[in-house]
Amino acid sequence: MKSGYLTKIGILVALCAAGCSSSSSDSSGTTGQIIALKTRTEVKDDLTQAKTNALGWSITISEAYLSVGPLYYFAGDPVLSQRHMDKSSLQYAWAMVSDWLVRPAHAHPGHYIAGAAMGQMLTPTTLDLLGGSVNLADGDGVTGSTNSAKFTWQSPPQGDLAPALEGHVVLTKGVATKGATTIHFIAKADEPEVHDGDDKAEVAGCAFGTTAGASGVNMDGNGTVTLTLSPSVWFDEVDFAYVAPGADAGAPTPDANGVVDIAGTLAWEGFIRGVKKGTGYEFSYTK
Amino acid sequence: MLPCRALTIAALLKRAWCSRIPLVAIVTLWPLAANGHELDKPVPLEEPPPTWPSGVRAEHDVVVPVILTISSEGLVTEVEVEVSLGADFDEAAIAAAKRWTFTPARNEGVPVSAKVRAVVRFRGESKGPLDSDAPVAPHEREQGNAKSAATTKRTDTTSSPVEPVTPLGHGEDEHQEVRVIGERTTPPRSASETTRGQDVIQAAPHRTGGDLLQVVPGVFITQHSGQGKAYQVFYRGFDAVHGQDLEFWVGGAPVNEVSNIHGQGYADLHFVMPEVVSRITVLPGNYSPEQGDFAVAGTIRYDLGYREPGITAKGTTGSFGERRIFLAYHRENAAPGSFAAFEAQSTDGFGPSRAASRTSAIAQQVFPLGDGQLRVLATGYAGKFDSPGVVSLRDLESGRISRFGTYGVDQGGFSSRYQLVTEYRGVGENSDWAITPYFAQRGLELKQNYTGYLLDPTNGDTTQLINESTTLGLTGHFRRAIHWLSEHDSIEAGVSARNDWINQSQRNIGSNQKVLDTIVDAKIRAMDAAGWLDLAVVPLSWVKVRAGLRVDGLAYNVQDNTPATESRSGSDPNAFARTLRPPSPGGQARTAMGTHFGPRMTIDGTVVRGTHVMLSYGEGFRSPQARSLGNGEKTPFTTVRSMEAGLRYTTATLNASVSAFRTTLNNDLVFDAATTRNEPVPASERVGGALEFVIKPVPWFVSSGSGTYTRATFTQSDSQYQAGDKLPYVPQLIIRQDLAFTPTIAHYLSRPFTGRFGASLTGMFDRPQPYGQQGHDVFLVDLVAELRLKELAVGLDVFNLLDAHWYDSEFTYSANWNPGAAARLVPERYVTVGAPRTVLGTLSLFVD
């Protein structure tokens, strides 16, 4: 009887004590949440339309396949980041003042700090970039500020379209025109050729934001991560003059169909540089 | 003036016989608040006679010597059997003594607590021996009653209780003076301060000394990395991990290891056999000046003793290849504190990578010396264990890995401890003192891998931790009466000092055990010297106030031999990798010092007899990891503030308390799987309530129960944690119930046929995980059953009777256990699987 009485007192005390916590928060959990993230891809460029690159070549893509590996999203700022801010906001005004007072130190390749992992999509696949938007496998993540991402190539390619890549991680075909010169080309990259400075087939420090190209978003619940691909970036620095008829003696010979494989040429080196550019892979989150 | 505090059993018996009452000899040993004035001894008021265990009287009397703790209200709060006559007589004697009441000891008229020596007399049918002065020979006792190991006769009806004595049951040629020095029974510092005696400790089955922590109200323990690694302890909203938030003492020596490489305060209790722990004392919070480093959530003390007279030999075998031998020796009539014990144990484990073995020896002897007594304790222990490590909850639930499966990474460890403790206790006219020097040598080697191949996809992330330490220290106190606010006040001064020499390293190793990388390689010298003053005053007859101040000075010298490195960056997949290997200057020597002041206070108000309202406040600290200190840095302590309000109820058959508490920390530590250590996190607080009780209405039944609810939250934010959120891993509700029935079933072959049937229920609920995840609740039932015919006993221990599928530990973090697949960087759930139903059988032989 006495112990029962004490039990009742104990429960009351425990409840009172719990209710008397000095914490003002009504949170009922630990910090952060694990969230589900759907993943989809979009292609920024209309590949059926010709686009002129920095060197004056008008390029039309007829085939483009890309081997995609795991995708990761991080808290760290992206390489050469530009935070997306509303110019009418106080945040923007404060950023301007603070940047004037203390000049920001921009990250640059080799000093990218990924920070905590905030999300991932782990299932490799192969994309046909002319096929439009594609839903990839579901991923997961945790809530919190997310600012950058890492794109990886999968080698050997996986997925239904993997045979189209013929073992490469990138394969494109198209036509480049400049003046009177027209070149039917094929450009491809193997896994070792896209390695970064750490000898990994990945592009680290890509922008991750509310829209493609923006940086900085608070992932506060289940949502969708969109990977926006820009194949035009791959060709920005490609000078097809190096593979045009009458170029250097080492220029490749077109095949029976008149298609030039630019592999090993200076044009190809420009292509590889473009493929490894972070601006070709932009990530965004929507709830 | 108290004439003398050194007594003999024979003197007690002489006086006992004169009084012709069940309680026959009472002598004050040492009043708790003695101040040098005339002291009135406790006088018995009511002494219900004991009940013969068998229900049938022997022809002669049987006397059980006991030491009683009598509160200032005249209640018997604790009974210690001084000379065991067997479990049945012991329990009957304890039950009887707990029903007695007294006028309390008085110091100049003011009631004070006191310890007295007494005997419980089971009166026999025959009075014949009363006329003889000659002791009864042991063989005669045996003829009269198999349990009558202590038949006695009057020897001198007028003798003083301070005369030389004859130990019970021995002839004149075996006369031996037994000197008893009062043991300090410091009044509780908080309402929820409590003890658990052997009746509760032995109610349910326990396999190790660390396992006994389960009987502590509010404690839940797990063992996530093999049977040999220190238990992970959860207590009152703290994930104390292996001891960072709980101060452990065993036999007068500290167990926590300063700056252990695996975790601050690492406390491995495997060196203690459960059979030799006589009492567990729990001091929640930090309200006593005696509590020092690591007493963040509280202090737990083990007292050692073994009562079974003669030689005990036990052999145990059972599930999963469990084998154990236990040997003990306790000389008949010697104090329970004098014994020697040995154990050797091994198991194949309940699944792959779970084999373990250990061996341990403990010897303790209490000697009379001068005006006091000397206690010497020596222990030796070594244990080796494999560890299955963690597995992904996703893999378990999907069936990709079996219930007891592992990822096949070589993990485990080796642990050893050797120590020597000496203690001298003395008593003066109005003072008492003690000094306890100790020496301990510890070794710990761990191989563990929590993250698989996350950080090193080729070689894996297995790390080897080695920590070797040598500890030399002492504690001491001196207490005496003073006149300050009243004539009944006292003051105590105490000192504590320990010096730790530590060699530690952490290295990454490959699958072929080759060392790949050195993360930590350091030699540390850590010193903690403390002093305290503790004042007890009685401003009103029903109010006692105790206030004290403890000052700790800590100094560290770190020789960092870690090879010079640069911080990993650039390609690190996440923040874990950076914390795994911070930049190291290489070969740098650093020193740091700091001082902590910790005030402590308790107000104890007597509401009605046996019922106290208590308010407690204290400030404590946790020392830092030495290798984390910068050169010349003022030692940054974790400062702890504790407060508690509660009600404490004490009668002969029921001890209970109910309390509410709050503890705040200015910074905290939370386990980080990537570094396999606890890493700093923001300030936090715990708020909760606790209820606990021990009830023993009859000699053959005891019940101990507790329920503790705590809400542990952050009070500040950082980049990882937000104020107001719960601390991860810390269970909020812990319940525990221990029950034991110890009847005498019959008599057979002139021997008592006794039983011991016990059970424990353990519940742990609401275990939050990082990122809003919720851990699994745990509910376990253990059983013990033993039948004994004096010299022979057969027992059965059943752990996890319901074969609950439970998770011992749960974590949420990033890992990659498939080196060929894409690394998972986002945190997910990892668990260690708890033990299934385990049955052990024990055959025991007792030789007087």
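The values are calculated or read from the model by the stated rules, or taken from the named source; none is laboratory data. Bear in mind the structure is a predicted one, so any value in this text is a computation, not a measurement. Here the Cβ positions follow ideal geometry from the backbone for every residue, glycine too, while neighbour counts run over all protein chains shown.
General observations
- Of all residues in the range B:331-364, those being part of a strand (DSSP E or B) and either among the small types (Gly, Ala, Ser) or modelled with pLDDT under 95 (or both) number 9.
- Hey, B:Thr451 crowded, with 19+ Cβ neighbours inside 10 Å and without any contact (Cβ under 8 Å) to a residue 60 or more places away in the chain or not: no
- When residues of the range B:210-229 are limited to those that are modelled with pLDDT of 95 or more and part of a loop (DSSP other than H, G, I, E, B), the one nearest to the chain's Cα centre (by Cα): B:Val216
- Being out of contact with any Lys or Arg (no Cβ under 8 Å at 6 or more places or on another chain), of a type outside the set (A, V, I, L, M) and within 14 Å of another protein chain (Cβ to nearest Cβ) is a property that B:Tyr807 lacks.
- Residue within the range B:764-773 that is at pLDDT below 95, surrounded by fewer than 19 Cβ atoms within 10 Å (Cβ to Cβ) and under 30 Å from B:Leu85 (Cβ atoms) present: no
- Residue list for the range A:182-205, filter: over 28 Å from A:Gly264 (Cβ atoms) and away from every other protein chain (no Cβ under 14 Å): none
One line per residue, one yes/no per condition, for (1) touching a Gly at 6+ places or on another chain (Cβ under 8 Å); (2) modelled with pLDDT under 90; (3) of a type in the set (Val, Ile, Thr); (4) not in a loop (DSSP other than H, G, I, E, B):
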residue	(1), (2), (3), (4)
B:Glu142	no, yes, no, yes
B:Thr166	no, yes, yes, no
B:Ile181	yes, yes, yes, no
B:Thr195	no, no, yes, yes
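- Any hit, the range B:343-357, residues being surrounded by fewer than 17 Cβ atoms within 10 Å (Cβ to Cβ) and free of Cβ contacts under 8 Å to residues at least 24 places away in the same chain: yes
- Hits in the range B:605-636 (condition: within 25 Å of the chain's Cα centre (by Cα), farther than 30 Å from B:Lys696 by Cα and of a type outside the set (D, E, K, R)): B:Tyr617, B:Gly618, B:Gly620, B:Phe621, B:Ser623, B:Pro624, B:Gln625
- As for the range B:773-786, it holds at least one residue that is within 14 Å of another protein chain (Cβ to nearest Cβ), on the phi < 0 side of the Ramachandran plot and in contact with an Asp or Glu (Cβ under 8 Å, 6 or more places away or on another chain).
- Only a single criterion out of (1) within 12 Å of the chain's Cα centre (by Cα); (2) on the phi < 0 side of the Ramachandran plot; (3) not basic (Lys, Arg) is not satisfied by B:Gly252, namely (2).
- Residue list for the range A:57-70, restricted to those being assigned to a loop (DSSP other than H, G, I, E, B) and either in contact with an Asp or Glu (Cβ under 7 Å, 6 or more places away or on another chain) or over 29 Å from A:Asp138 (Cβ atoms) (or both): A:Trp57
- Residue in the range B:793-815 that is surrounded by fewer than 19 Cβ atoms within 10 Å (Cβ to Cβ), under 27 Å from the mean Cα position of the chain (by Cα) and outside the structural domain of B:Leu455 (by TED's automatic domain parsing) present: no
- Out of B:Gly408, B:Gly426, B:Gly389, sole residue that is modelled with pLDDT under 95 and part of a strand (DSSP E or B): B:Gly426
- Residue under evaluation A:Tyr73, criteria (1) part of a loop (DSSP other than H, G, I, E, B); (2) of a type outside the set (S, T, N, Q); (3) modelled with pLDDT of 90 or more; (4) surrounded by 20 or more Cβ atoms within 10 Å (Cβ to Cβ), criterion not met: (1)
Condition check ((1) modelled with pLDDT of 95 or more; (2) within 11 Å of chain A (Cβ to nearest Cβ)) across all residues:
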residue: B:Asp668; (1), (2): no, no
residue: B:Ala673; (1), (2): no, no
residue: B:Arg677; (1), (2): no, no
residue: B:Pro682; (1), (2): no, yes
residue: B:Val694; (1), (2): yes, yes
residue: B:Arg711; (1), (2): yes, yes
residue: B:Ala723; (1), (2): no, yes
residue: B:Arg736; (1), (2): yes, no
residue: B:Thr744; (1), (2): no, no
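- Of the set (1) surrounded by fewer than 21 Cβ atoms within 10 Å (Cβ to Cβ); (2) more than 8 Å from chain A (Cβ to nearest Cβ), all apply to B:Arg648 but (1).
- Residue match in the range A:129-140 (condition: touching a residue at least 24 places away in the same chain (Cβ under 8 Å), assigned to a strand (DSSP E or B) and within 12 Å of another protein chain (Cβ to nearest Cβ)): yes
- The set of residues from the range B:817-848 being part of a strand (DSSP E or B) and closer than 30 Å to A:Thr146 by Cβ comprises B:Glu828, B:Arg829, B:Tyr830, B:Val831.
- Restricting the search to strands (runs of 3 or more DSSP E) fully inside the range A:185-287 and requiring at least 2 residues that are crowded, with 21+ Cβ neighbours inside 10 Å and on the phi < 0 side of the Ramachandran plot gives A:202-209, A:217-219, A:223-229, A:281-286.
- Looking only at the range B:697-709, and only at residues there that are part of a strand (DSSP E or B) and more than 12 Å from chain A (Cβ to nearest Cβ), the one that is farthest from B:Gly237 (Cα to Cα): B:Val698
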